[in-house]
Amino acid sequence: MITHNTKDADHHDNLVTLFHGPLTVKIKENKRPYPSFLDQDVTVLSVDGLPDAASMPTIGNGYIATLVHSDTMYVDGVYNGPNGTSHRARLRSTASINITDFSFPVKDRKYSLDAGRGMYVEEYTSDDVRVELSMYAHQWMNRLLVTEISVVNNGSLPVYLNLSQNIGPPSEDVSFQTVDKHILNQFRMDYGSTNEPEYDIDDKKELVALSTLVPDYITVESGGNVKYLFQTCVESNLKNTIESFQQGIDYFFNGTMTSSHQEKWEEIWRNGRIDIDSSIEISRINYAALYYLLSEIPRDESTGTFFGISPGGLAHGALHKDYQGHIFWDQETWMFPPVLALQRERAKKIVQTRIAKHASAKQIASMRGYDGAMYPWESAYTGLEVCPLAQYSDYEQHITGDIALAFQQYIMMTRDRHFLDSEGAADVITDIASFWMSRMAYNPDEDRYEINDVMPPDEYHYPVNNSVYTNSVAKISLLLPKYALSLINKTVDPQFEEVAKKTYIPFNTTGKWHLEYDSYTQDEIIKQADVVLLGYPLVTDMSEEIRRNDLEIYEKVTPGGPAMTWGMFAIGWLELNELTKAEKLFKRQFNNVVPPFNIWSEVENGGGARNFLTGIGGYLQSLIFGYGGFRIFEDRLQFDPTLPPDASTFNLTGIDYLDGSFDFYFTETHMSIHQTKHAMGAMKVTVTSTGQTGTLAVGVMVQYPRGKAYLVLV
């Protein structure tokens, strides 16, 4: 039992007594105001009772994450198990702290995901007592998972709270030793390593975890205003762990632990967000979706190597669950584009994960008899193939083209020459093109290049010859070096472009539609969006007739599919101004949203992987690139806005383009553009339908009739 006499801590004078273990400090309470540009009715999701454990929210910062109140936490890049059994290594969650009982009758309970501040919060109140438990993965000191318990006791008697810690059974993935708590008397220390390497003994990961000791209960005297810190810190060695742990204590005792975290989330939302004035429920889905996705990406490079985003995120990935924490095409094709649009610096960290594993991709290509770099279908720690099922690792090779597409999108949006010339991107781009050159087969009878024996995004069919999607991303890969390397004044092998021009794209000339692969017959059932991806995100040049035919033919044969499928069909119908069809498919995505904290499931009505960031990425794309109509080209950023269902305004804050930042405000009749940050040169807007043009200036908002337009450097 811990009892603290805090009677002299008069909370009416805004004094709060802070506790971490046996240490205590009294300071003036300094609460950061809620960001004025955020609507708490939208950014805070609250309920008076908790859902099932799997529907709880996640907290993370790209380095460490947990499913709230679970007995597990995970650290980025820490995997256990050889080859296809490689999975996130479970660490016991010393951050999972619960209030299990109260000495006073609790009248009201509220459980909230506060996306605006990046926190999970529980509130318990009576007539005289207010208790708040908050949990978050610190956005700045990102080695820390933090739980804080605040108590304000206005009653005439002391109160106590019973606490418990849900650390669960010992992990089967790590061999940890625990230092006896009586030796340290302040914190628990676990140290050891993962048990089984991915490929080589050096793949085993050494870890040290420090966590605050949790008492059985705490007592707060009458008139007390107190706050307790419980933190968990995980690092690769003891010195760094102690330093990070102590830094957290220092920030707590000077009153800036929580505010410094909230400040970083305020910065995130200020830099990029989506606001729609329609249903409050849709707006809540939007903010939760962005919160979950952006929680997966570290704030800066000081955190070390970032390994990437798995479909279930960093808070999931156990053996045989949630894709084991592996990195797929989901990262580049589904999660990357919305981050690129709204948070350029975080988007760069995503493409940098592929540069970091360039050597592994080259090794895979060599082992399989190809040139250049071939990326694995699933990767984890080493960057080598860890897919547990051979049909995917053998045939689903479009991922290498998907990575090239993401590089293309990033370079077109940024023209980041340093990224190309000094960070290794140019070498990755060239090696991907070299891979496709060696992977293709020349057909002399047809004078064309073909790709045989692959699995398309439609995983129901394999191996097939000439997947239209695979061949198309291969063609993009071959054309990319000429554009990208021209930005740094380097020449490329002219054969890349020559082969690209002769790459076979299966097409039914009679019916004017794209075949999914050579032997595909119309009305054959498929798994998910495949051919329709040619229009977006591949931005293939095709007539409206062909685009319509592809949509109609493949929508009929896609009965199920994961969430992102419907967003891609919605984008296609929006291109054709078929608003009723687009709305139906756009709203179908909501079947994958799991209340009350708006996590996403892989399949409709809660099934499959959770929290399914792939579906979140597809949904956000249906807003930005669907209703926003944004398209990225070599020379311009195009947009063609349509209002989402039932909305009278649609605002995209912080679209990042060529070093500049732009806010877009769309109404039924007009569109306004507000440049908030200087670009790499003067920027001009041109409205295609009216021919109106204007040069933008920072701080000056311009308005035009709503319609297709584009930004271009003067």
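Among the residues of the stretch 587-608, the one identified as in a helix (DSSP H, G or I) and touching a Ser or Thr at 6+ places or on another chain (Cβ under 6 Å) is 592. Return the only residue of 661, 672 being under 23 Å from residue 411 (Cα atoms), open to solvent by less than 30 Å² (accessible area, probe 1.4 Å) and of a type outside the set (D, E, K, R). Exactly one residue qualifies, and that residue is 661.
Considering the stretch 291-328, the residues that are touching a Phe, Trp or Tyr at 6+ places or on another chain (Cβ under 9 Å) and of a type in the set (S, T, N, Q) include one that is surrounded by the most Cβ atoms within 10 Å (Cβ to Cβ), namely 310. Taking the conditions (1) under 19 Å from residue 464 (Cα atoms); (2) under 24 Å from the mean Cα position of the chain (by Cα) in turn, residue 561 satisfies each one other than (1). Could you go through the stretch 379-386 and let me know if any residue there is open to solvent by less than 50 Å² (accessible area, probe 1.4 Å), modelled with pLDDT of 95 or more, among the β-branched types (Val, Ile, Thr) and farther than 25 Å from residue 713 by Cα. Yes, the stretch 379-386 contains at least one residue that is open to solvent by less than 50 Å² (accessible area, probe 1.4 Å), modelled with pLDDT of 95 or more, among the β-branched types (Val, Ile, Thr) and farther than 25 Å from residue 713 by Cα. State which residue is surrounded by the most Cβ atoms within 10 Å (Cβ to Cβ) when the search covers only the stretch 609-632 and only residues that are within 19 Å of the chain's Cα centre (by Cα), in a helix (DSSP H, G or I) and among the aromatic types (Phe, Trp, Tyr). Once the filter is applied, the top-ranked residue is 619.
On the given criteria, is residue 193 more than 30 Å from the chain's Cα centre (by Cα), at pLDDT 95 or above and either hydroxyl-bearing (Ser, Thr, Tyr) or assigned to a loop (DSSP other than H, G, I, E, B) (or both)? Taking the combined requirement at face value, the residue does not satisfy it. Picking from residues in the stretch 29-53 that are modelled with pLDDT of 95 or more and touching a strand residue (DSSP E or B) at 6+ places or on another chain (Cβ under 6 Å), the one that is surrounded by the fewest Cβ atoms within 10 Å (Cβ to Cβ) is 48. Residue pairs whose Cβ atoms lie under 6 Å apart, separated by 6 or more positions or on different chains, with the first residue in the stretch 548-562 and farther than 12 Å from residue 588 by Cβ and the second modelled with pLDDT of 95 or more and surrounded by fewer than 19 Cβ atoms within 10 Å (Cβ to Cβ), are 548/576; 549/512; 557/525.
Across the stretch 242-260, not a single residue is classified as open to solvent by less than 10 Å² (accessible area, probe 1.4 Å), farther than 22 Å from residue 18 by Cβ and not hydroxyl-bearing (Ser, Thr, Tyr).
Screening the stretch 490-585 for helices (runs of 4 or more DSSP H) wholly inside it with 1 or more residues that are on the phi > 0 side of the Ramachandran plot returns no ranges. Among the criteria (1) surrounded by fewer than 21 Cβ atoms within 10 Å (Cβ to Cβ); (2) touching a strand residue (DSSP E or B) at 6+ places or on another chain (Cβ under 6 Å); (3) farther than 20 Å from residue 141 by Cβ, the one residue 238 does not fulfil is (3). Residues that are surrounded by fewer than 20 Cβ atoms within 10 Å (Cβ to Cβ), under 22 Å from residue 330 (Cβ atoms) and of a type in the set (A, V, I, L, M, F, W, C) are absent from the stretch 430-446.
The values are calculated or read from the model by the stated rules, or taken from the named source; none is laboratory data. None of the values given here were measured: they were computed from a predicted structure. Cβ sites come from the backbone with ideal geometry, for glycine too, and all protein chains shown count toward neighbours. Accessible surface is based on the protein model in full, side chains and every heavy atom, while ligands, DNA and RNA are left aside. Shrake-Rupley method; radii C 1.70, N 1.55, O 1.52, S 1.80 Å.
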